[in-house]
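Notes follow the structure.
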Amino acid sequence: MHTEVDKLYRKLPQLGELLHTREIRELVELYSRELVVDAARESLSRIRQEIRMGQHTEASLNGSVAQLAENIREELAQRVRPSLRRVINATGVILQTNLGRAPLSEDAIRQIGDVARGFCNLEMDLDTGERGFRDRHADSLILDVLALRSGVAVGSLHERRAAAVVNNCAAATFLALNTLAEGGEVIVSRGELVEIGGGFRIPEILRKSGAILREVGTTNRTRIEDYAAALTPDTRLILRVHRSNFRIEGFTQRPTLQELIQFGQSASVPVFEDQGTGCVVALDECGIAGESTWITSAISDAALISASGDKLLGGPQCGILTGDRAFVERIRKNPLFRALRVDKLTYAALQATLLAYLTGRDESIPAIAMLLISADRVRQRCEAYVEALKSSTLRAEIIATSSLVGGGTTPGATLPSFGVRLRHEEISEGTLAARLRQLDLPIIARTSEGGVVLDLRTVAETDDQLVVASLQSAFAPGRALEPAQGNRVAR
Ligand SMILES: *Cc1c(COP(=O)(O)O)cnc(C)c1O
């Protein structure tokens, strides 16, 4: 028995031999010697393991050995393929953390390329040649946009307010709490002790910031008197959190931001709002009523406001703090500010995004274009898809859908839209959805009623041709449906 196994082992080529074959030498040219050696070693040891487990006969082993070079080639191709890739978002949810939130505008992408390609004046004042600070690439522009969007004179906002940029809104909120309230108490309504997603829980962030939580009111109702009763000499801050991913309906009550700010002023306690959305467009013009936006908060007298750069602002991932000049100065002096700062690429993209708003080119920002596109236009595009897919093995039909803004912005608000429902006679909706995810340009879509629905609101119009062509090719008549193969993540 032992000798049988030994015989199998002896049939395996040695690593050195394998590396001298023509196929493997070709791979060394394509990749690198180290990578090919590693892949070859791994393939050999996998087969050795199979022999040890008694999984091979002489015939099956011969087959495996013949396949060795091809397997190594495939393995290498997988290993050098970036795991982070572009996908088509056909879910109808504009902002999703798992799909990278806001796509950037062409201007922002160009600006990133320009700044990344060489050196840049990130921290140099070109007028004086002296050291500048990186936030100046955004702070004034942020205030300009907020002022112009709210009809406040730019000069008057600049007098009172300043802005600072950090890694994300979670970091901005943490920094604000740590700077303003470490060692003291923070009053929060029980209706706002929320989890935003991805493990961002207000009570935990607060504790980590070194502040002590004073919760007031109830889940559904909190009044100014509740805040008043919680005041102590140790009160440092009143925190308000935007309910970005849930709604409370029915017997509810909470003070408006304005009422809270007035109360804070009378009690000499600053108010900090974790606003989140970063929205500077008029949502009611898109049919979304009654949602609070970043603009209203930012021009209020709240001491500080935090917002996300990659939600409805439609820019790069970052967190933006605006507020009283004195408070923003304190934030900038906090050593944690240095730890949470953003890089030049973020400023490049943020500037380009803000400049689009400043010059009224909102629709050049993809997330805003998706918000504004009319359902009629989406329907027209769906018709073109259905027509083009007639020549494929897919059955396509138009259905009405409801798109969502998503991403912790406007919970529950929907946008009427249209989608193309795709069905395939031979495969289930789940298999079809998986096939779409495995295309070279993966398409992410919802399944519904035996099919997969592509909501075209969240597909950029400029991608339509590409999406249609890739569906036509993957589902061409006579083309065998490839078995689903896993998308392995590069190690
Ligand atoms: C989304 C959101 C956050 C977290 O923002 P990130 O930029 O993802 O860190 C915090 N607070 C509120 C209210 C939010 O909506």
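The values are calculated or read from the model by the stated rules, or taken from the named source; none is laboratory data. Predicted model only: the values in this text are computed from it and were never measured. Ideal geometry is used to build each Cβ from the backbone, glycine not excepted, and the neighbour counts take in all protein chains shown. Only protein heavy atoms, including side chains, enter the accessible area calculation; ligands, DNA and RNA are left aside. Shrake-Rupley method; radii C 1.70, N 1.55, O 1.52, S 1.80 Å.
Using the average count of surrounding beta-carbon atoms within 10 Å as a protection proxy, the listed peptides 68-80, 232-244, 264-276, 300-312 rank, highest first, as 300-312, 264-276, 232-244, 68-80. Placing a pseudo-label 7 Å from each Cα along the Cα-to-Cβ vector at H20 and E329 gives an inter-label distance of 7.6 nm. Each Lys or Arg adds one and each Asp or Glu subtracts one; over the other residues with Cβ under 13 Å from the Cβ of A469, this totals -3. The mean accessible area for residues of the stretch 294-346, using a 1.4 Å probe and ignoring ligands and nucleic acids, is 35 Å² per residue. Coupling constants for the stretch 306-318 follow from the phi torsions by the Karplus curve (6.51 cos²θ - 1.76 cosθ + 1.60, θ = phi - 60°), and in residue order they are 10, 8, 8, x, 10, 9, 6, 5, x, x, x, 4, 6 Hz; glycine and proline get x.
In this structure the stretch 356-436 gives 42 Å² per residue of accessible area when probed at 1.4 Å with all protein chains present. Close amide-amide hydrogen proximity is noted between T401 and S417, F418, G419, each under 5 Å apart and 5 or more residues distant or on a separate chain (H modeled in the peptide plane; Pro and chain starts excluded).
Summing +1 for each Lys or Arg and -1 for each Asp or Glu among the other residues whose beta-carbon sits under 13 angstrom from that of A349 gives -2. So which aspartates and glutamates pass the test for K7, namely a Cα distance under 15 Å, with those fewer than 8 places away in the same chain ruled out? Straight-line reach from K7, under 15 Å: E50, E58. Our coupling estimate for the stretch 401-406, obtained by passing each phi through the Karplus curve with A = 6.51, B = -1.76, C = 1.60 and θ = phi - 60°, is 9, 10, 7, 10, 6, x Hz, Gly and Pro reported as x.
Only one residue of S140, G16, Q111 has its Cα farthest out toward the positive end of the dipole of the chain, where Lys and Arg carry +1 and Asp and Glu -1 on Cβ, and that residue is G16.
Taking label positions 7 Å along the Cα-Cβ direction at both R79 and E449, the computed distance is 4.9 nm, reported to one decimal. Computed extension length for Q265-K7: 84.2 nm, one decimal, from 0.36 nm per residue of separation with the Cα-Cα distance subtracted. Shape analysis of the stretch 37-106 based on the Cα gyration tensor places the equivalent ellipsoid semi-axes at 42, 14, 10 Å, largest first. Our coupling estimate for the stretch 209-214, obtained by passing each phi through the Karplus curve with A = 6.51, B = -1.76, C = 1.60 and θ = phi - 60°, is 6, x, 9, 9, 7, 10 Hz, Gly and Pro reported as x.
Annotation: M53 carries an accessible surface of approximately 120 Å², with a 1.4 Å probe and no ligand, DNA or RNA atoms counted. Note on the chain: antiparallel DSSP beta bridges, both residues inside, total approximately 60 percent of the bridges counted.
Taking the helices alone, the chain has a mean residue ellipticity at 222 nm of -13000 deg cm²/dmol, built from -39,500 (n - 2.57) per DSSP H run of at least 4 residues and averaged over all its residues. The residues neighbouring C279, those whose beta-carbon lies less than 9 Å from its own, together hold a net charge of 0 under the Lys/Arg +1, Asp/Glu -1 convention. Computed extension length for S150-Q253: 34.4 nm, one decimal, from 0.36 nm per residue of separation with the Cα-Cα distance subtracted. Kirkwood radius, the chain, all distinct C-alpha pairs, inverse of mean reciprocal distance: 26.3 Å. Using a probe of 1.4 angstrom and keeping all protein chains present, the accessible surface of the stretch 33-99 works out to 56 square angstrom per residue. Taking a point 7 Å out from the Cα of T462 in the direction of its Cβ, the residues of the stretch 79-99 whose backbone N falls within less than 17 Å of it are 86-89. Of K11, K208, the residue with the largest accessible area leads and the full order is K208, K11 (1.4 Å probe).
Across the chain, the relative contact order, built from alpha-carbon pairs under 8 Å that are at least six residues apart, equals 19 percent. Computed extension length for H158-R437: 95.7 nm, one decimal, from 0.36 nm per residue of separation with the Cα-Cα distance subtracted. With every protein chain in place and a 1.4 angstrom probe, the accessible-area ranking of F200, F133, F246, F119, largest first, reads F119, F133, F246, F200. Label-to-label distance for A116 and M53 is 4.1 nm, based on points extended 7 Å past Cα in the beta-carbon direction. Please work out the Cα center distance from the stretch 119-146 to the stretch 394-436, rounded to the nearest Å. Here the answer is 43 Å between Cα centres.
Cα centroid separation, the stretch 347-368 to the stretch 40-76: 54 Å.
Assign one of three labels to the stretch 198-320, namely rounded, prolate or oblate, based on the Cα gyration tensor with a ≥ b ≥ c the square roots of its eigenvalues; rounded applies when a/c is under 1.5, prolate when it is not and a/b is larger than b/c, and oblate otherwise. Prolate is the answer for the stretch 198-320, as a/c is 1.5 or above and a/b outweighs b/c. Using only side-chain charges placed at the Cβ, +1 for Lys and Arg and -1 for Asp and Glu, the dipole size of the chain relative to its Cα centre rounds to 860 debye. Listed by number, the DSSP H helices of the chain that run 18 Å or longer by alpha-carbon position along their axis and have mean Kyte hydropathy of at least -0.5 are 344-358. In percent, rounded to a whole number, the relative contact order of the stretch 1-151 is 16, using alpha-carbon pairs under 8 Å and six or more apart. Per the 1.4 Å probe, what fraction of the accessible area of the chain, in percent, lies on carbon and sulfur atoms? C and S atoms contribute 51 percent here.
In straight-distance terms, cross-link reach from K208 covers every one of the lysines whose alpha-carbon lies under 16 Å from its own, apart from those fewer than eight places away in the same chain; here that gives an empty set.
Relative contact order, percent, of the stretch 151-239 when contacts are C-alpha pairs under 8 Å separated by at least 6 residues? Answer for the stretch 151-239 is 33 percent.
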